[in-house]
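Below is one structure, written out as structure tokens; the observations come after it.
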Amino acid sequence: MRWRAIARSLLIQLLASVLAWTLAAPLAMPWRWALLQALMAGLLARIAGVRGYVLGLHVLFMPLVLLALQLQLPGWVYLLALLLTFALSRNALTEQVPLYLSSQESIAALAGFLSPGARVLDLGSGDGRVVLQLAALRPDVSVCGIENALLPWLWSRWRYWRAGCPVNARLQFGSFWQLDWQRFDVVHAFLSPVPMSRVWQRFRQDCHPEAILISNTFMIQGMVPQQRLPLSGPLQTELLIWRHPHGTC
Ligand SMILES: C[S@@+](CC[C@H](N)C(=O)[O-])C[C@H]1O[C@@H](n2cnc3c(N)ncnc32)[C@H](O)[C@@H]1O
């Protein structure tokens, strides 16, 4: 699926470049060519069913390449940009989970839902906001977050330190697939549709029968949630709650 999307993007850019070439020579009129290419890429992407910010990326791609070439940036700038992108958002590539952050509303709803003394795991803790805000709103619960993208994790550690190192909050570096989920009562996931089936398998396998899985917005295919807490955001629409299949509630 991922490779199909990459191949489609390459094809759109290539075809738009060739079509623009029939109207303007890239070496003689680089900006005219790049703007025509951007227009064609946008049209082709729309025809191919591309929507949202990816459509914008298709339009901006060639003008930005041309701009970078004209600025004659040294090679290390590109290497640095690549490393920073990886350190910020490696999971967009490896897990198909980009970095975006829980709304205040969803954290407040989560805080209101937790039972007293719950041990909570935040899968992919990003900048640590869920962990730190939950820990502050609910001093009776303990919250552990785990993140394997370096920059968000460093940022979360900084926020943890600024918050006075709360004793009921923990921010670990690493992949949540490598962690033992057994010791948690609540697993919170705000990821993407892609890993949800695997998250469910892992939850069933590792967690105790009274444990709860809470997903911000993303469904598990074929699984009806036991409870839904509505959210008013355009992207974060609800908290979906599944109890363990061997549980008593
Ligand atoms: C949509 S963000 C949510 C961040 C935070 N939980 C929140 O709700 O604000 C998902 C996060 O999961 C992280 N992530 C994805 N796969 C991961 C993995 N296997 N191990 C650790 N973190 C992961 C991403 O880097 C990203 O920061």
Quiz item: In degrees from 0 to 90, rounded to the nearest 10, what is the angle of the helix 104-113 Cα long axis to the longest principal axis of the chain?
Solution: 20 degrees
Practice problem: Would you mind estimating how fast the stretch 129-249 diffuses translationally, via Stokes-Einstein at 20 °C and 1.002 mPa s with the Kirkwood radius over Cα pairs, in µm²/s? | Solution: 139 µm²/s
Quiz item: For the chain, modelled as a Gaussian network with Cα springs under 10 Å, which listed residue fluctuates most, Pro193, Pro26, Pro209?
Solution: Pro26
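Using 0.36 nm per residue, how much length does the chain from Ile6 to Trp155 gain when fully extended, once their Cα-Cα distance is taken away?
On the way: separation 149, 0.36 × 149 = 53.64 nm, distance 3.04 nm.
Answer, rounded to one decimal: 50.6 nm.
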Quiz prompt | Helix 150-162 axis, angle to the chain major axis (alpha carbon atoms, nearest 10°) | solution = 50 degrees
Quiz prompt | Phi to ³J(HN,Hα) by Karplus 6.51 cos²θ - 1.76 cosθ + 1.60 over the stretch 38-46, Hz, x for Gly, Pro | solution = 5, 4, 5, 4, x, 5, 4, 5, 5
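In percent, how large is the relative contact order of the stretch 13-123, given Cα pairs closer than 8 Å and 6 or more residues apart? Intermediate results must be reported in sequence, preceding the final value.
Details: 59 pairs, mean separation 18.2, N = 111.
Taking the mean separation of contacting Cα pairs over the length of the stretch 13-123, I get 16 percent.
Once a ≥ b ≥ c are taken as the square roots of the eigenvalues of the Cα gyration tensor of the chain, is the result rounded (a/c under 1.5), prolate (a/b larger than b/c) or oblate (a/b not larger than b/c)? All intermediate terms of the calculation are to be shown ahead of the outcome.
On the way: a/c = 2.85, a/b = 1.99, b/c = 1.44.
In terms of gyration-tensor shape, prolate.
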Practice problem: May I ask for the distance between the Cα centers of the stretch 59-121 and the stretch 193-244, given as a whole number of Å? | Solution: 22 Å
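Report, in deg cm²/dmol and to the nearest 500, the calculated mean residue ellipticity at 222 nm for the chain, where each DSSP H run with n ≥ 4 adds -39500 (n - 2.57) and the sum is divided by the residue count. Mind showing how you got there, number by number?
Working: 8 runs with 120 residues, N = 249.
Only helices count here, giving -16000 deg cm²/dmol.
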Practice problem: Label the stretch 1-104 by shape, choosing from rounded, prolate and oblate, from the square roots a ≥ b ≥ c of the eigenvalues of the Cα gyration tensor; if a/c is under 1.5 it is rounded, and otherwise prolate applies when a/b is larger than b/c, oblate when it is not. | Solution: oblate
Practice problem: Note down the nm distance, to one decimal, between modelled labels 7 Å out along Cα→Cβ at Val194 and at Leu80. | Solution: 2.9 nm
Quiz item: Going by alpha carbons, how many degrees (0 to 90, nearest 10) lie between the helix axis of 75-94 and the longest principal axis of the chain?
Solution: 40 degrees
Quiz prompt | Built amide H within the under 5 Å cut-off of Val143, gap 5+ | solution = Val120, Ala169, Arg170
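Run the numbers for Val54 and Asp140: contour at 0.36 nm per residue of separation, minus the present Cα-Cα distance, in nm. Write out the running numbers ahead of the final one.
Numbers: separation 86, 0.36 × 86 = 30.96 nm, distance 4.23 nm.
Answer, rounded to one decimal: 26.7 nm.
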Quiz prompt | Integer Hz, Karplus 6.51/-1.76/1.60 couplings in order for the stretch 227-233, x for Gly and Pro | solution = 8, 9, 10, x, 10, 9, x
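FYI, it's all coordinate maths here, none of it is from the lab. Owing to the predicted nature of the structure, the values given are computational and were not obtained by experimental measurement. Note that each Cβ is placed from the backbone with ideal geometry, even for glycine, and that neighbours are counted across all protein chains shown.
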